[in-house]
Amino acid sequence: MSKTIFQKIIDREIPAKLAHEDEHCIAIHDINPQAPVHVLVIPRRPIARVGEAKASDAALLGHLLLAAADLARKLGIAESGYRLVINNGRDGGESVPYLHVHLLGKRPLAWPPG
Ligand code: AMP
């Protein structure tokens, strides 16, 4: 199966604007930002989507959320607020079949989402 864009970024085959990296994940600035802060937190271990995560992925899933909250503090949006989004499947708006958490902030975000 061909690599997804995020696998290529992790493998450093294509460039991205890095916001964070550690042993378990990387975070990059979204190429088509939907808010002044729009970062994607991506696990190094590939999982297609949250619906395919296993019990053995629990620690990694927790790590992604903690990394996103830490990034929100570093990017100065912890106080004003932010949104974490995981799109799953067609109706969820998933376009890249490689799990990632969107971190969006620095503007008021409407609810419900479109
Ligand atoms: P989703 O629709 O939840 O699968 O989100 C995929 C996200 O990846 C979208 O917000 C895209 O703008 C973003 N994206 C696609 N290609 C790149 C890239 N090369 N670098 C950074 N973000 C990307």
I need the full set of residues from segment 22-40 which are among the aliphatic types (A, V, I, L, M), farther than 15 Å from E94 by Cα and surrounded by 12 or more Cβ atoms within 10 Å (Cβ to Cβ), in order please.
I26, A27, I28, A35, V37, V39
Tally of residues being buried (at least 17 other Cβ atoms within 10 Å of the Cβ) and either under 25 Å from S80 (Cβ atoms) or not hydrophobic (A, V, I, L, M, F, W, C) (or both) across segment 41-56:
4
When you go through L84, L71 one by one, which is the residue that is under 18 Å from N32 (Cα atoms), of a type outside the set (S, T, Y) and touching a strand residue (DSSP E or B) at 6+ places or on another chain (Cβ under 9 Å)?
L84
Pick out the one residue from I42, I47, I14, I26 that is modelled with pLDDT of 95 or more and touching a Cys at 6+ places or on another chain (Cβ under 7 Å).
I42
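Residues checked against (1) of a type in the set (A, V, I, L, M); (2) touching a Ser or Thr at 6+ places or on another chain (Cβ under 9 Å); (3) closer than 20 Å to K74 by Cβ:
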site: T4; (1), (2), (3): no, no, no
site: E13; (1), (2), (3): no, no, no
site: I31; (1), (2), (3): yes, no, no
site: V41; (1), (2), (3): yes, no, yes
Of the candidates L84, L75, L60, L71, the one satisfying the condition of being touching a residue at least 12 places away in the same chain (Cβ under 8 Å) and in contact with a helix residue (DSSP H, G or I) (Cβ under 6 Å, 6 or more places away or on another chain) is L84
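Where in segment 1-113 are there helices (runs of 4 or more DSSP H), lying fully within it, with 1 or more residues that are aliphatic (A, V, I, L, M) and within 15 Å of the ligand (Cβ to nearest atom)? Walk me through how you get there before you give the answer.
Values: elements: 5-10, 58-74, 89-92.
The qualifying helices (runs of 4 or more DSSP H) are 5-10, 58-74.
The values are calculated or read from the model by the stated rules, or taken from the named source; none is laboratory data. Small disclaimer: the values here were computed from a predicted structure and weren't measured. Cβ coordinates were reconstructed from backbone atoms using ideal geometry, including for glycine residues, and neighbour counts include every protein chain displayed.
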